[in-house]
Amino acid sequence: MTAPTPSPFDLTGRLIAITGAAGGIGSATARLCAAQGARLVLADRLSIEEIRDRVGAEVAGRAAIHSVDTGCRQAVTAFAAEVGPVYGLIDTAAIAPVDDWMAEDWDEALDAVIRANVKGPINLARAFLPGMVAAGEGRLVLCGSVAGWMGGIRSGPHYAFSKGGLHAFVRWLSRQGAPHGVLVNGIAPGPVETGMTAGKGYDPQAYPLRRMARPEEIAATAVFLCGAGAGYASGAIFDINGGTHFH
Ligand SMILES: NC(=O)c1ccc[n+]([C@@H]2O[C@H](COP(=O)([O-])OP(=O)(O)OC[C@H]3O[C@@H](n4cnc5c(N)ncnc54)[C@H](O)[C@@H]3O)[C@@H](O)[C@H]2O)c1
């Protein structure tokens with residue numbers, strides 16, 4: 001009898017940290033990683049209770065949960081020290097304010113977006129990459145956006161700027177990780193039904209599939225990127241955008 005071929009998506013026993021875990025895509029990713037057998041560390045800037053509520057009691061009950069602002073380097077360093085080395089990190093934390101970039105006080109919004117969407121991934125990579133390098137294996141999955149390619153469907157300039165930068169950062173970081181067996185990849189979703197897009201005037205009928213994505217349809221790629229099946233993906237940005245943009 002030959003041994004059964006392991007599933008390319010299997011995460012049994014793997015320790016995966018998910019940031020932005022209280023969000024639409026982050027919470028769906030937590031549930032899907034758990035279904036593939038992963039052990040989870042969940043973090044968000046919201047409270048532990050809110051993270052637990054949004055992920056759901058069953059999965060959250062088996063996870064370590066932390067309230068962390070990923071834009072703060074000190075907080076992320078302390079978080080990583082407490083958690084210890086992880087096999088995978090999936091970062092879905094970000095903000096996308098809708099505002100007027102010509103307004104006098106807009107620089108505050110710009111700073112907030114840079115803090116969450118740019119410093120966040122950089123802080124997390126600085127904190128968690130060394131443990132992966134020491135282990136000789138690891139996966140980093142960062143969330144870009146269709147906005148990073150074409151400016152966005154409803155998003156502002158700060159968000160588009162941050163996500164274009166994120167795509168470049170994935171490529172830069174992949175070169176740091178690859179020689180050590182650490183694979184760094186990104187996902188660039190199109191419009192997804194989450195709190196980030198709610199009430200912002202997205203028109204599902206305007207998209208090729210006549211609907212927005214469900215968070216689970218983005219989470220599935222994040223899970224894939226942590227599994228054995230993605231073992232040769234490095235520095236790639238996976239477009240999961242329902243055909244809203246080609247490049
Ligand atoms: N929803 C979409 O249409 C869409 C499209 C393209 C890309 N994305 C990207 O996908 C990712 C997930 O988005 P979502 O739609 O699930 O959004 P969401 O608003 O539902 O979730 C984002 C989560 O990140 C958390 N967060 C924000 N700033 C944080 C910080 N500094 N520290 C810790 N946590 C923080 C929020 O509290 C929230 O729980 C983001 O990177 C987003 O930019 C979303």
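The values are calculated or read from the model by the stated rules, or taken from the named source; none is laboratory data. Model, not experiment: these values are computed from the prediction. For neighbour counting, all protein chains shown are included, and Cβ atoms are generated from backbone atoms with ideal geometry for every residue, glycine included. Just so you know, the surface numbers come from the protein's heavy atoms only, side chains and all, with ligands and any DNA or RNA stripped out. Shrake-Rupley method; radii C 1.70, N 1.55, O 1.52, S 1.80 Å.
Have a look at 115, 154, 73 and point out the one that is at pLDDT below 95, out of contact with any Asp or Glu (no Cβ under 8 Å at 6 or more places or on another chain) and within 13 Å of the ligand (Cβ to nearest atom). I'd like the intermediate steps shown before the answer.
Values: 115 fails: at pLDDT below 95; 73 fails: at pLDDT below 95.
Sole residue among the options that is at pLDDT below 95, out of contact with any Asp or Glu (no Cβ under 8 Å at 6 or more places or on another chain) and within 13 Å of the ligand (Cβ to nearest atom): 154.
Within region 214-245, track down each residue that is more than 19 Å from the chain's Cα centre (by Cα) and surrounded by 15 or more Cβ atoms within 10 Å (Cβ to Cβ). I'd like the intermediate steps shown before the answer.
Restricting attention to region 214-245, the residues satisfying the condition of being more than 19 Å from the chain's Cα centre (by Cα) are 232, 243-245.
Selection gives 244, 245.
Out of region 118-149, which residues are charged (D, E, K, R), outside any strand (DSSP E or B) and within 14 Å of the chain's Cα centre (by Cα)?
Passing the criteria: only 119.
So, in region 159-193, of the ones that are surrounded by fewer than 18 Cβ atoms within 10 Å (Cβ to Cβ) and farther than 20 Å from residue 115 by Cβ, which residue ends up farthest from the ligand (Cβ to nearest atom)?
Looking at the filtered set, the residue picked out is 179.
Per-residue answers, yes or no, for (1) open to solvent by less than 60 Å² (accessible area, probe 1.4 Å); (2) small (Gly, Ala, Ser); (3) assigned to a helix (DSSP H, G or I); (4) in contact with a strand residue (DSSP E or B) (Cβ under 8 Å, 6 or more places away or on another chain):
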| position | (1), (2), (3), (4) |
| --- | --- |
| 21 | yes, yes, no, yes |
| 51 | yes, no, yes, yes |
| 59 | yes, no, yes, yes |
| 66 | yes, no, no, yes |
| 95 | yes, no, no, no |
| 99 | no, no, no, no |
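Across region 203-213, what is the total count of residues that are touching a residue at least 24 places away in the same chain (Cβ under 8 Å) and surrounded by fewer than 18 Cβ atoms within 10 Å (Cβ to Cβ)?
Residues that pass the stated criteria total 3.
I'd like to verify a number: residues in region 205-233 that are assigned to a helix (DSSP H, G or I) and of a type in the set (D, E, K, R), how many? First the steps, then the outcome.
So the first thing to find is which residues in region 205-233 are assigned to a helix (DSSP H, G or I), and the list is 205-206, 215-226, 228-230.
In the following step, the residues that additionally are of a type in the set (D, E, K, R) were identified as 216-217.
Residues that pass the stated criteria total 2.
Of everything in region 194-213, what is in contact with a Lys or Arg (Cβ under 9 Å, 6 or more places away or on another chain) and near the ligand (Cβ under 8 Å from one of its atoms)? Give them in sequence order.
Once the filter is applied, which keeps residues that are in contact with a Lys or Arg (Cβ under 9 Å, 6 or more places away or on another chain) and near the ligand (Cβ under 8 Å from one of its atoms), region 194-213 yields 197, 202.
Taking the condition of being open to solvent by 80 Å² or more (accessible area, probe 1.4 Å) and part of a helix (DSSP H, G or I), how many residues in region 101-117 meet it? Explain how you work it out, then say what you get.
Of region 101-117, the ones open to solvent by 80 Å² or more (accessible area, probe 1.4 Å) are 101-102, 104-105, 107-108, 111, 115.
Pick out the ones that are also part of a helix (DSSP H, G or I) and you get 107-108, 111, 115.
The number of residues fulfilling the criteria is 4.
Could you say whether any residue in region 215-224 is touching a helix residue (DSSP H, G or I) at 6+ places or on another chain (Cβ under 9 Å), farther than 18 Å from residue 18 by Cβ and within 12 Å of the ligand (Cβ to nearest atom)?
Within region 215-224, not a single residue is touching a helix residue (DSSP H, G or I) at 6+ places or on another chain (Cβ under 9 Å), farther than 18 Å from residue 18 by Cβ and within 12 Å of the ligand (Cβ to nearest atom).
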